[in-house]
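Only the coordinates and a few stated rules stand behind these numbers; no lab work does. This one's a predicted model, so the numbers in the text were calculated from it and none came from an experiment. All Cβ positions, even for glycine, are placed from backbone atoms using ideal geometry, and neighbour counts span all protein chains on display.
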Amino acid sequence: AYLYQGYLQERITTAKYEPGFERLPHLGMLHGLQSFVCFFAAFAVNAVVSLMRKTTKNGPKTPLLEYLKPALTNTIGPALGILALKNIPYSSQVLVKSCKLVPVMVMGTIFGKKRYSAKEYLCVALICVGLVVFSMKKSSAANK
């Protein structure tokens, strides 16, 4: 599903549309709408599951506001991230997003007091080195 979404995203965002044969001008709106549809679908599923479960009547219920906070950040964040990366090819976007491991590990170490193995640090370093090599190769090919 993720690969197909990437394919469709690349196809929609790079296609030239009439009348001026320009790229899609409202990219942020497209991704924002996609995120909100996912948010409402998840809300509907959560509501149905809550109604079907008998244990929620007896046990403590989680306030809706607690679901709303991460839902909004997960809805708005990807749309803004895609807007920021709209001029970068999809393959490069995937590589850049793979470096997300670095801040996650740093924050996990500082705030979560989590320890990572040498193997995990090595994997992250290799991913980052691969990204640098890929970027250098791509930029040297563009200069020719």
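Ranking request for peptides 8-19, 70-81, 111-122: highest mean number of other beta-carbon atoms within 10 Å first, then the rest in descending order. Could the numbers behind the result be given before it?
Values: 8-19: 11.2, 70-81: 14.2, 111-122: 9.5.
Put in order of decreasing packing, that is 70-81, 8-19, 111-122.
Could you calculate the contour length gain from A44 to V129, that is, 0.36 nm times the residue separation minus the distance between their Cα atoms, to one decimal place in nm?
26.3 nm
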